[in-house]
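The values are calculated or read from the model by the stated rules, or taken from the named source; none is laboratory data. The structure presented is a predicted model; accordingly, all values stated were derived computationally and were not measured. Virtual Cβ from ideal backbone geometry, glycine too; neighbours counted across all protein chains shown.
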Amino acid sequence: MLRSMTAYVYKSIATSIGQLTIELQSLNRKYLDVTTYLQKELSRYENDFKKLIGSQIARGQVNVRVSLKCHEFSTVKVTPNLSLARQLKDAWEKIAGEIGLDNNQFDINLLKGEAGILTFEDSLGENKSIKTEILSALQLTIQELISLKEQEGSMLLKDVEGRVSQLSSWIEEISDKSGGAVNRYRQKIVERLEQVLPGSVENEERILREVCLFADRVDIAEEITRFRSHIHLLKKVIASDETASGKKLEFILQEMLREANTIGSKASDVELSHLVVDIKSELEKIREQMQNIE
């Protein structure tokens, strides 16, 4: 099934520790490029987020924004340095005694500005169940993103299928018309020779030689066969369940354009040339659609 590379999903999901907000935006890009914009407390999961997205999306620019609004649970674990606090208390009391202060009762405010009296740790990293919950929420969001990409891809598929059908019709028309090109050229040679050398016994030999050279020069049977083969492969790929089909389709289109150019260079009359122009124009339109397919 074809997938579009463009889609957007915004989800707010309730978790055991608070409200998780996830925003995924997918844009056109030749290769996969995942960019994360994470709340500081969630930055430890960046590699996990990228790995999960990369396992399900083949290419495109994917922007990921994740934030967490906690309820009672705190993502920061605060630990007092009691050993340092006791030493500081003893030191201030000793100072008060040495300088003869009447009231040497320790003031807790003296510890507020001391570096290292409190340590702050990320508590999320210690909780594996929270990580599992966050990744599960991201997986739900990715699935919704993929669903939207497939919906748009189905519309692209209908458009591409119509254009491929038109290509099939034109290449068969070229095949039919090219068969009479040699006969038309032979008739033209006969008329010219009869005008110049009427009744000459050598005319038939000259005609045969010229016609053989012309037939070899304008023969497009191989190109038509290869073009048909590419159409068959193109239909097979867009009808398959292959997810990363965009690159393969672009390659097939390049080969079809190559055959069309060769047919155009060998075209022996204006009508065939016009059909080749139509084919190349349609291939370009399909190529533009392929640039939005994952």
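The condition of being among the β-branched types (Val, Ile, Thr) and either at pLDDT below 80 or touching a Phe, Trp or Tyr at 6+ places or on another chain (Cβ under 7 Å) (or both) holds for only one of Ile95, Ile99, Ile142, Ile130, that being Ile99. The set of residues in the range 58-73 being closer than 21 Å to Gly246 by Cα and at pLDDT below 95 consists of Ala58, Arg59, Gly60. Of all the listed residues (Tyr45, Tyr37), the sole one being buried (at least 17 other Cβ atoms within 10 Å of the Cβ), at pLDDT 90 or above and not assigned by TED's automatic domain parsing to the domain that holds Ala115 is Tyr45. On the given criteria, is Ile189 assigned to a helix (DSSP H, G or I), modelled with pLDDT under 90, outside the structural domain of Gly54 (by TED's automatic domain parsing) and in contact with a Lys or Arg (Cβ under 9 Å, 6 or more places away or on another chain)? Criteria met by Ile189. It is to be established whether one or more residues within the range 213-226 are under 22 Å from Ala260 (Cβ atoms), assigned by TED's automatic domain parsing to the domain that holds Asp269, modelled with pLDDT of 90 or more and surrounded by fewer than 15 Cβ atoms within 10 Å (Cβ to Cβ). Yes: one or more hits. Of the residues making up the range 249-282, just one is touching an Asp or Glu at 6+ places or on another chain (Cβ under 7 Å) and of a type in the set (S, T, N, Q), namely Thr262. Only residues that are in a loop (DSSP other than H, G, I, E, B), under 24 Å from Ile293 (Cβ atoms) and either among the aliphatic types (A, V, I, L, M) or touching a residue at least 24 places away in the same chain (Cβ under 8 Å) (or both) were counted across the range 1-58, and they come to 12.
If you go through the range 133-174 and keep only what is over 27 Å from the mean Cα position of the chain (by Cα) and under 30 Å from Glu41 (Cβ atoms), you end up with just Glu133.
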